Amino acid sequence: ETPAALRPNRNNNIFLNTDLENQLKAFREKAADAMPGSDWTPFEKNRSLPPERADIVIVGGGVVGWSIAYWLKQKEMIRDGVRVLVVERDPTYSQASTVLSAGGIRQQFSLLENIHLSMASADFMRNINEHLSVLNDDPVDLQFNHSGYLFLASEKVAHIMEENYSTQRYAGAKVALLSPTQLKEKCPWINTDGVVLASYGLENEGWFDPWMLLNAFRRKAISMGVYQCFGEVTGFKYTTNTMTTAEGDKVDFRRIKYANVQMPNSLEYQPVECAIVVNAAGAFSGKVAEMMGIGLGLKDTIAGIPLPVEPRKRFIYVVHCPNGPGLDTPFLVDYSGVYFRREGLGGNYIAGMSPEEEEEPETNNLEVDHQFFQKIWPHLAHRVPAFECLKVTSAWAGFYDYNTFDQNGIVGMHPLVNNMFFATGFSGHGLQHSPAVGRAMAELILDGGFKTLDLSAFSFKRIMTKEPMLERNIV
């Protein structure tokens, strides 16, 4: 007779199969750890600490920083050939400018560079899963709404809209000018009083979920071997090489050797040896630049020119209006400066407006000034009569990385710190331009120059020579 232990037993088979599956799972995990590029080590380590060495340290884990990290890894020739570390001081991202933005993308700018950045970024987003998909993870869904942007112009600024339209069409953007009659046909809910001309984006414009784009870049970059650290860069160790000009003036050239990363809620910090630092700290990138003495030198010298980027607080209000404009409503920007767009379904919208220079709110917190909506509402109700009956349901505030010099991005290397690169100062359009800016920065760092889009006009040089590149379509 066959011993009981050897008799076939369905329950035993179940346990045997389960045990086998667990062993196979453990084997697969060990095999994955042993693959080239894995961070497996036989020693226990504090995973909250950054590595002791990185080729490139990116200060700022917003969408621009993670886009740069992704493109750097995308361009590397061999796995882990470029060791990239992204340092972000806000582990919850609750105060990150990326996720607190209105999430718009448009081609309706006045400068060719900004139009080309938008077109390239829109193309990237349209094919996002070809770039940012991760094996065995869900596909990326940006929840892109393609309803376009609609700019309105009064008689005073209509000529500027026409000039911008010519530039946009020359760049290849699909934009249409509308008369007040055509505008009313397209948007029956609008009051055209005071409107002389309108500009509408026919494709590659609208809005999307900012967190989805940020997290897609982050998830993909980490899967490619980028290191992530939640902490704050509090200073740099650097060498100085002093040279004397033909006029006898002494000029200090500096090169960063270490970035000091402070751990959150701790006295512990880690010096990270690095070859290059990318300052993508957004609204606080001016403070990071000061750590290297940028702007602290003598007046009327290059060392005395600060990075002209500072935080500017912007409020976004969520309103409910059950009889408001329908699902095909574009992202409308009135000539008064007020804007609004739909927010999901159910008669919800978001609205906002940039304050006048003398009304700029304090930036030591992200508290909302609810009284400021009283300046927005009359313009909303005038342009869309249905908005006379609305209710503010919530609100939030976020920071622009505001370039006080010309409201445009600063992209490239500092002339006196030859291994600090800037990617900042986008003044509200960093999110929408992040895919193309990240690619351009990776080209500049790894190839030594721009290959796809020439962004040399956005270099620090224009600040030194006092030649602003003013963007006329800032929202």
query: Inside the range 338-354, can you point out the residues that are in a loop (DSSP other than H, G, I, E, B) and in contact with a Gly (Cβ under 9 Å, 6 or more places away or on another chain)?
result: VAL338, GLY347, MET353, SER354
Any strands (runs of 3 or more DSSP E) falling wholly within the range 185-264 and containing at least 1 residues that are over 24 Å from the mean Cα position of the chain (by Cα) and more than 30 Å from LYS174 (Cβ to Cβ): 232-244, 250-262
message: Checking the structure you have, find out if any residue of the range 162-174 is closer than 25 Å to ALA386 by Cβ and in contact with a strand residue (DSSP E or B) (Cβ under 6 Å, 6 or more places away or on another chain).
response: no
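Condition check ((1) surrounded by 19 or more Cβ atoms within 10 Å (Cβ to Cβ); (2) within 25 Å of ALA395 (Cβ to Cβ)) across all residues:
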residue: PRO51; (1), (2): no, no
residue: ALA54; (1), (2): yes, no
residue: GLY60; (1), (2): yes, no
residue: GLY65; (1), (2): yes, no
residue: TYR70; (1), (2): yes, no
residue: VAL86; (1), (2): yes, no
residue: GLY104; (1), (2): yes, yes
residue: HIS131; (1), (2): no, no
residue: PHE151; (1), (2): yes, yes
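Table: residues versus (1) open to solvent by less than 20 Å² (accessible area, probe 1.4 Å); (2) more than 28 Å from TYR238 (Cβ to Cβ).
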site	(1), (2)
ALA397	yes, yes
TYR402	no, no
PHE405	no, no
GLY409	yes, no
VAL417	yes, no
GLY425	yes, no
HIS429	yes, yes
ALA436	yes, yes
GLU443	yes, no
- prompt: Hey, any hits in the range 109-120 for a residue that's of a type in the set (D, E, K, R) and either crowded, with 21+ Cβ neighbours inside 10 Å or closer than 15 Å to THR452 by Cβ (or both)?
  reply: yes
- request: Taking only the range 454-468 into account, find how many residues are buried (at least 17 other Cβ atoms within 10 Å of the Cβ) and closer than 17 Å to LEU111 by Cβ.
  value: 5
statement: Inside the range 364-408, the number of residues satisfying the requirement of being basic (Lys, Arg) and within 27 Å of the chain's Cα centre (by Cα) is 0
message: Scan the range 86-94 and tell me whether some residue there is closer than 30 Å to VAL175 by Cβ and hydrophobic (A, V, I, L, M, F, W, C).
response: no
Pairs, first within 16 Å of ILE305 (Cα to Cα) in the range 457-475, second basic (Lys, Arg) and open to solvent by 10 Å² or more (accessible area, probe 1.4 Å), C-beta under 8 Å, six or more apart: PRO468/ARG462
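The values are calculated or read from the model by the stated rules, or taken from the named source; none is laboratory data. This is a predicted model, so every value here is computed, not measured. Don't worry about glycine lacking a Cβ; one is built from the backbone with ideal geometry, like all the others, and counts go over all protein chains shown. Heavy atoms of the whole protein, side chains included, go into the accessibility calculation; ligands, DNA and RNA do not. Shrake-Rupley method; radii C 1.70, N 1.55, O 1.52, S 1.80 Å.
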